[in-house]
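Quick notes on the structure that follows.
The values are calculated or read from the model by the stated rules, or taken from the named source; none is laboratory data. As the structure is a prediction and not an experimental result, all values here were calculated from the model. We place every Cβ from the backbone using ideal geometry, glycine too, and count neighbours over all the protein chains shown. Only protein heavy atoms, including side chains, enter the accessible area calculation; ligands, DNA and RNA are left aside. Shrake-Rupley method; radii C 1.70, N 1.55, O 1.52, S 1.80 Å.
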Amino acid sequence: MEIRITVVPNRRSPKVSEEMAGRIRALYGLGYTQHDIAALVGINQGRVSEVVNFKVHPTVPPAQGKLFE
């Protein structure tokens, strides 16, 4: 019997920019779930949580106007 082990590289979400943080806060304010926002923005839900709870970019307000171009 042969056992194969697959090594998955460490996947990290990209850093959240101030612009991205504003968009995340705006989407959350519109009622999107953290899970849905993570899928839309392309980061993991933990990063979204950090933004929503003001642990990352605490002074950035929610974006206004078009959220996606």
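Tally up the carbon and sulfur contribution to the accessible surface of the chain as a whole percent, 1.4 Å probe, everything protein left in place. Mind showing how you got there, number by number?
Details: 2910 of 5520 Å².
Here carbon and sulfur together make up 53 percent of the probe-accessible area.
Approximating the spin labels as points 7 Å out from Cα along Cα→Cβ, the Glu2-to-Ala39 distance works out to 3.7 nm.
Counting only heavy atoms of the protein chains, get the accessible area per residue of the chain (1.4 Å probe) and round it to a whole Å² value. Don't skip to the end; give the middle numbers.
Numbers: 5520 Å² over 69 residues.
Value returned for the chain: 80 Å² of accessible area per residue.
Couplings for the stretch 12-19, taken from phi via the Karplus curve 6.51 cos²θ - 1.76 cosθ + 1.60 with θ = phi - 60°, read 10, 6, x, 5, 8, 7, 5, 4 Hz in order; Gly and Pro are left as x. Taking chymotrypsin sites (Phe, Trp or Tyr not before Pro) across the stretch 10-69, the ones in a DSSP loop with at most 11 further Cβ atoms lying within 10 angstrom of their Cβ are Phe68.
Quick one: net charge of Asn53's neighbours, Cβ under 12 Å, K/R +1, D/E -1?
Details: positive: Arg25, Arg47, Lys55; negative: Glu50.
Charge balance in the 12 Å sphere: +2.
Per residue, the chain reaches -11500 deg cm²/dmol at 222 nm when only DSSP H runs of four or more residues are counted, each adding -39500 (n - 2.57).
Charging the Cβ of each Asp and Glu at -1 and of each Lys and Arg at +1, and nothing else, the dipole of the chain about its Cα centre rounds to 120 debye. Scanning residues 5 or more positions from Ala63 or on other chains, those with amide H under 5 Å from its amide H are Arg23, Arg25, Ala26, with H placed 1.01 Å from N in the peptide plane.
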